[in-house]
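The structure appears right after this line, and notes come after that.
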Amino acid sequence: MHLTNLRHFTVLCARQPAGFQHKSMKAQARSNRQYAGGKKGERFKLVLVVAAALLDDQGKVLLAQRPAGKKLAGLWEFPGGKVEDGETPEQALARELKEELNIEVELRHLKPLTFASVAYPDQGYTLLMPLYVCWHWSGSPQGLEGQQLSWVASSELPSYEMPPADLPLVVPVQQAMAAGEPAEVLL
Ligand SMILES: Nc1nc2c([nH]c(=O)n2[C@H]2C[C@H](O)[C@@H](COP(=O)(O)OP(=O)(O)OP(=O)(O)O)O2)c(=O)[nH]1
């Protein structure tokens with residue numbers, strides 16, 4: 001995607017329907033809008049992180065709480081992590097889900113949903129985070145790294161405090177939850 005379109009997309013993603021967020025999320029969204037894309041001339045290191053919205057058959061999505069001592073500790077996020085050298089985003093996500101939650105995911109079950117792009121000027125990096133939806137995995141998710149896990153209904157999502165990058169992802173995830181698993185397209 002052309003950079004101008006990517007910036008435009010980021011701004012669009014940052015808009016939320018009126019009344020959707022509670023107070024602290026509104027404040028986070030405001031600061032998110034201010035630094036999304038960064039200022040002209042600023043230089044950033046790109047950090048590529050992949051994450052998954054795991055959706056169960058009760059219509060809930062899995063959130064993990066970032067453990068104490070880590071950056072953004074206490075905030076709730078979609079499980080995932082950084083893409084390592086030589087990995088595809090899907091391979092990285094399947095590896096992270098195994099390491100963090102002890103579940104196995106087939107790459108074909110990772111369906112791209114949307115992405116977040118957020119610059120952190122004070123930290124000198126910009127986070128680019130593709131978000132996948134996943135309806136099928138084997139095993140039962142466990143917080144192997146000491147993180148709390150929570151299966152969350154769509155209407156409850158806005159009450160979980162999340163990193164700024166995640167706020168624009170909430171509505172697309174709610175839409176995916178409402179739509180249910182799409183039928184397989186056979187080519
Ligand atoms: N997995 C995940 N990471 C997220 C989300 N939102 C968000 O800002 N992040 C950030 C937090 C971390 O800085 C980075 C993910 O890094 P990581 O989970 O692999 O590693 P880490 O906590 O050790 O990160 P770091 O301390 O090395 O920065 O992406 C999200 O929804 N899911």
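The values are calculated or read from the model by the stated rules, or taken from the named source; none is laboratory data. Treat the numbers as computed from the prediction; the structure is a model and nothing was measured. Note that each Cβ is placed from the backbone with ideal geometry, even for glycine, and that neighbours are counted across all protein chains shown. All accessible areas refer to the heavy atoms of the entire protein, side chains included, with ligands and DNA or RNA removed. Shrake-Rupley method; radii C 1.70, N 1.55, O 1.52, S 1.80 Å.
Annotation: Ala179 fulfils all but one of (1) touching a residue at least 40 places away in the same chain (Cβ under 8 Å); (2) farther than 16 Å from Ala51 by Cβ; (3) among the small types (Gly, Ala, Ser); (4) surrounded by fewer than 18 Cβ atoms within 10 Å (Cβ to Cβ); the unmet one is (1).
Can you report the number of residues in region 139-171 which are closer than 26 Å to Tyr125 by Cα and open to solvent by 30 Å² or more (accessible area, probe 1.4 Å)? Number of matching residues: 4. The residues on offer are Glu90, Glu99, and the sole one that is surrounded by fewer than 17 Cβ atoms within 10 Å (Cβ to Cβ) and either free of Cβ contacts under 8 Å to residues at least 12 places away in the same chain or not aliphatic (A, V, I, L, M) (or both) is Glu99. The residues of region 45-78 that are within 19 Å of Pro158 (Cβ to Cβ), of a type outside the set (Gly, Ala, Ser), within 9 Å of the ligand (Cβ to nearest atom) and outside any loop (DSSP other than H, G, I, E, B), listed by number, are Leu63, Trp76, Glu77.
Selection over region 113-138 of residues that are part of a loop (DSSP other than H, G, I, E, B) and open to solvent by 50 Å² or more (accessible area, probe 1.4 Å) gives a count of 6. Here Ala18 does not qualify as out of contact with any Gly (no Cβ under 6 Å at 6 or more places or on another chain), at pLDDT 55 or above and either of a type outside the set (D, E, K, R) or open to solvent by less than 70 Å² (accessible area, probe 1.4 Å) (or both). Is there a residue being within 13 Å of the chain's Cα centre (by Cα), within 16 Å of the ligand (Cβ to nearest atom) and part of a strand (DSSP E or B) anywhere in region 143-152? Within region 143-152, none of the residues are within 13 Å of the chain's Cα centre (by Cα), within 16 Å of the ligand (Cβ to nearest atom) and part of a strand (DSSP E or B).
Within region 88-113, track down each residue that is out of contact with any Phe, Trp or Tyr (no Cβ under 9 Å at 6 or more places or on another chain) and either modelled with pLDDT under 95 or more than 12 Å from the ligand (Cβ to nearest atom) (or both). Correct list: Thr88, Gln91, Ala94, Lys98, Asn102, Leu107, Arg108.
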